[in-house]
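The values are calculated or read from the model by the stated rules, or taken from the named source; none is laboratory data. Just so we're clear, the structure is a prediction, and the values are computed from it rather than from any experiment. Every residue, glycine as well, gets a Cβ built from its backbone with ideal geometry; the counts of neighbours run over all protein chains shown. These area figures cover heavy atoms from the full protein model, side chains too; ligands, DNA and RNA do not enter into them. Shrake-Rupley method; radii C 1.70, N 1.55, O 1.52, S 1.80 Å.
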Amino acid sequence: MIIIVSVLIIIMLAAAVAACIFKDLLSATIASCMVSLIAAVLFFFLQAPDVAMAEASIGAALVTAVFVIAIRRTRRYEE
Amino acid sequence: MSFLQNYAYYTGAFGLILIGLFIMMTKRNYIKIIIGLSILETGVNLFLIAVGYISGGTAPIFSRSGITAEKMVDPVPQALVLTAIVIGVAVLGMALALAIRLHKHFGTLNLLEIREQRW
Amino acid sequence: MKKGVSIILLLILLWGVVAALSEMPFGKAKLEVAGHYTDYGKEDTGAANIVTSVVLGYRGFDTLGEVTVLFLACIGLAVVLSTLKKQGCGARQTPSLILNTGFRFLFPLILLFGTYVFMHGHLSPGGGFQGGAVIASGFVLMYLSVPKIKRLNHFVSTLFESVGGLIFLVIGLIGLKLGSQYFLNNFLPNGEFNTLLSAGIIPVIYIAIGFKVGSELSKIIDVLLEESE
Amino acid sequence: MSLEILLAIAYGGAFLTYFSGKISQGLRDGAAVLLSLGTVLIVSSFYNVPAASVLYEGFLGLSLVLRMNSLAWFFAIAIVSFNALCVIYSLAYMKDRNEKDYYYFMLLLINAAMLTIVLSGDLVTFFIAWEIMSWATFLLISYNRNGALQAGIKYIVLSLIGSMCMLIGILSVYTSFNTLNISELSGQLTTASAGYKLFLLIIFSITFGIKNAVMPLHTWLPDAYTESPTPFSAVLSGMLTRMGVYGFLVILFGIVGIKSVLTLGSGFISYTKTMAWLGAITIVIPTFIAMLQNDAKKLLAWHGIGQGGYMILGIAFGTSLGMAGGIFHTLNHAIYIVLLFLSVGAVEYSTSGIRDLNSLGGLFKKMPIAFLGGFLGISGLIGVPLTNGFVSKWLIYKTLILENAPFLAFAALLGTWGTILSVYKFLHNLYLGQIPEKHKNIKKTPLAMQVPIVILSFAIILFGIMPGLPLKVINSINVAFGFSPLDVNLWGVVSEAGTLNMLNIFTALIVFGAIVWGIFRISRPATLTDQYDNYAAGAAIPKDKYHYTVEYYAPFYRMVKPFLKDIFDLLYQKVARANDFLCDNIRKIYTGYVGNYVMYIVFFMAFLIFIQLKWSVF
């Protein structure tokens, strides 16, 4: 169990670092979406199903959608 | 192994917080800063939930018989984080709307290039 | 230069965090107030989900404030974007067949699931906020898949939003009047435990919140998309 | 008639005037005049009728008290009378200005606030009314905008410093004695420790020193007097500035008590000595600065500061003679300075706004009433016998001599010499000498301007010949404060140190005047010639160049100008500029870049964590 959690956390942190590094904002957004998604799984492991649900639907779906729309209306690459 | 047992979640939460802060401090792109903010927020939420966890606890729901109140995890941070997430998305939407306005007005999202916003 | 300073500062921060966390063990007993909630939440509010009973029963007034913040953020977003000139934003890709067909199957199911989630907020994980978010993500799917769809009917979404907020307030005020104790007093009978029609006013308020959050979040998406076409 | 009704009429009248101005101009003017005259009548009906009433019970646990005693009556009657005269004067002076509703509203509001100050029986009412007065004054000083706004801001900044000092004092009094009623406090404070009394006196001295323009705190006054509309300059100089004297009287003798004040400090450095020396400095320097001024109102403004020094000098010694001198000088100063301002205002009105002494002159024949006012005003200001200023200055000099303070007496005399020089310039450059060509056909002085000037001129002579009239009231104030009463009769003062009898002086001067008149009468009659009919080496005199009011004391200017700068004003401006610079630099931490703000927050957190983990201070 703890091994799975550790692996998930490592992937999550890697995704966060990727979000930091990517110059393409769309990729960064997807990376941050991944962070949210794994966080939702972790919430579930921490016996917080309500929060996991909220995080999955909001953090992973809505926030990403909002970011994508905003990037579409501005510009895609960080200069 | 006991380190992982004790500190895996905390490491994840503070890793997210520090990465979020780092993005906010060093990046110049407005949308990148907002991405940092959202990562920071996820980290804070994860930390709060991790604080409320009890070893071997159950979710705070009396969904079937045999669940006792003693073994439940702390419901207070969960209630807090629940609303925090929802408000978070509204605030992010607001910030991104401002980003769209900024881009329309100045044609750039690089904060260093936006001179009018400073003294 | 800047990155170096940032990393040094963050390392000091990390140092403090490590020092603090070493004295804060993971997975230890909960606080006294949380103990009270888990011990008596079932009898006090009649909801099986203690998180729900905290959000709507013990801390209902806070939730009203949070809903207000959500509402204000939504209004602020609309105001910020309302003065933009409408202009084209490049061509859209036509959605693929899979997306299109999947949308037609899934959209009613997503709405149904969202409704289920906020209806059963007092029994199972979920509630108004999650249900509303699920419904809103259904609308995101709609915007993705159907290119020239008739937009969200603003009147209806505003109606849902306002009626949701009003129900919350009115129920709170009725509780204040009937119980004469506190705002959001639970004046309905608790009913049989673990059934749909139990836990007094909690399901009613969660339905109201579900409508409110769902319409607000879909409106955020709608407003952000609106001007670009 | 109770005191609440008086205040209700005063405040309600101000609002009534404002709103009637929205209906018609004539109605507003009538309302303003009637209300100000009405308050004069009501206040005068309180003569020798001590009254007390509770305005409002339980304002945050304090009761707001009003009371009328001889001191309050003396100041109240002066306030409402001068205000009524200035309102009448304003009818003509303000005729062509804008926003007259606002002007009259503020004038009457200030009147009501000053009335509340002198009637207040507790420090809360005092403070509230003080603040109303300060803010209304600020609004009226800045009536003319532009430069006036600068002057107003200067006034309100200093005034706020004073108010805050007063607030500190009041809070400290309340926490120590649990009451703010002035009459209750006076009993308790006599037993307080000397250090506490000194603290209170210094705190309140700053407040009242700012209002009374005592020397290091005077900088607001010249600009404020100059820039405000002239009738209001009269009110400002006449009574509003002298609220500081009232405050000194209340705090020194009403609350702390004269015996305690006299024992504060030892030897040369005592509270009264310091006050007296500040008063002396306030007399000398501004009087000589006044000599350099070319703006008629500014000249009077500097004299306003200087004369305030006499009052401080009189009351600082805490003898009954000095008290009488100080309080009487307050009234006398108000009479003649109001008269002088009204006289200048008449000139300003006739020449459509010219106050520059260099470009005026010879207006004597055109405006005799204004000249009469100016002449009697400067006579009073100098202290010529048979005018009121003589009596009060006599009392003050007598006090200084009896108190063995020769240097202070010399300072007072020096001030008088400076006054003579500078006000002669004032009178000459306005009314005497040649009249410039462009002022040959000026507007006539309207009746509404002449009436107040005549009344005040009459008052100067009346109080000069019969000083017993006001001195009787002042004597009862002295008794109320616990001084020994003076032996006063209608014509003057009788004391063991010297006797003043204006009747004798009056008779002597009449006889002397008759002799002089007779000599002039029997000698060769004078011949009148045109002022430009002069011999100038055969050349025609250019009429604008040979106007000798220009640069009246030119050699003296050159001699003293480097020494008579208003150093305190310059100092305050330096401080203000330094503050501005500092704030401007602090503002720059808001760089408009999100990263920096996050950096500040993280830096602060890191700083706290670092010092905690390193030294564990928390």
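With the condition kept exactly as written, say whether any residue in segment C:1-20 is more than 14 Å from chain D (Cβ to nearest Cβ) and either of a type outside the set (Val, Ile, Thr) or outside any helix (DSSP H, G or I) (or both).
No; the residues of segment C:1-20 include none that is more than 14 Å from chain D (Cβ to nearest Cβ) and either of a type outside the set (Val, Ile, Thr) or outside any helix (DSSP H, G or I) (or both).
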Of those in segment A:35-62 that are open to solvent by 20 Å² or more (accessible area, probe 1.4 Å) and more than 10 Å from chain C (Cβ to nearest Cβ), the residue nearest to B:Gly93 (Cα to Cα) is A:Leu37
Can B:Ala90 be described as within 9 Å of chain C (Cβ to nearest Cβ), surrounded by fewer than 22 Cβ atoms within 10 Å (Cβ to Cβ) and within 22 Å of A:Val66 (Cβ to Cβ)? no
Which members of segment C:66-82 meet the condition of being small (Gly, Ala, Ser) and open to solvent by less than 50 Å² (accessible area, probe 1.4 Å)? C:Ala73, C:Gly76, C:Ala78
Subset of segment A:1-24 [away from chain C (no Cβ under 12 Å) and closer than 16 Å to B:Gly20 by Cβ]: A:Ile9, A:Met12, A:Leu13, A:Ala14, A:Ala15, A:Ala16, A:Val17, A:Ala18, A:Ala19, A:Ile21, A:Phe22
Please indicate, with yes or no, whether at least one residue in segment D:265-277 is assigned to a helix (DSSP H, G or I), aliphatic (A, V, I, L, M) and touching a residue at least 60 places away in the same chain (Cβ under 8 Å). yes
Do you know which residues across segment D:485-512 are in a loop (DSSP other than H, G, I, E, B) and under 28 Å from the mean Cα position of the chain (by Cα)? D:Pro485, D:Leu486, D:Leu490, D:Trp491
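Each row is one residue, and each column tells you yes or no for (1) buried (at least 20 other Cβ atoms within 10 Å of the Cβ); (2) facing chain C (nearest Cβ under 7 Å); (3) modelled with pLDDT of 85 or more.
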| position | (1), (2), (3) |
| --- | --- |
| B:Ser55 | no, yes, no |
| B:Pro60 | yes, yes, no |
| B:Ser65 | no, no, no |
| B:Asp74 | yes, yes, no |
What are the residue pairs meeting all of these: first residue in segment A:63-79, first residue at the interface with chain B (Cβ under 7 Å from one of its Cβ atoms), second residue aliphatic (A, V, I, L, M) and open to solvent by 20 Å² or more (accessible area, probe 1.4 Å), Cβ atoms under 6 Å, and 6 or more apart or on different chains? A:Ile71/A:Leu26
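Within segment D:68-85, is even one residue surrounded by fewer than 24 Cβ atoms within 10 Å (Cβ to Cβ), in a strand (DSSP E or B) and not aromatic (Phe, Trp, Tyr)?
The answer is yes; a qualifying residue exists.
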For residues that are at pLDDT 85 or above and open to solvent by 50 Å² or more (accessible area, probe 1.4 Å), tally how many sit in segment D:357-374. 2
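Which of the residues that make up segment C:19-48 are among the hydrophobic types (A, V, I, L, M, F, W, C), surrounded by 14 or more Cβ atoms within 10 Å (Cβ to Cβ) and either farther than 19 Å from B:Gly57 by Cα or touching a residue at least 60 places away in the same chain (Cβ under 8 Å) (or both)?
Scanning segment C:19-48 gives C:Leu21, C:Ala47, C:Ala48.
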Among residues of segment B:17-33 being at the interface with chain A (Cβ under 8 Å from one of its Cβ atoms) and among the β-branched types (Val, Ile, Thr), the residue surrounded by the fewest Cβ atoms within 10 Å (Cβ to Cβ) is B:Ile19
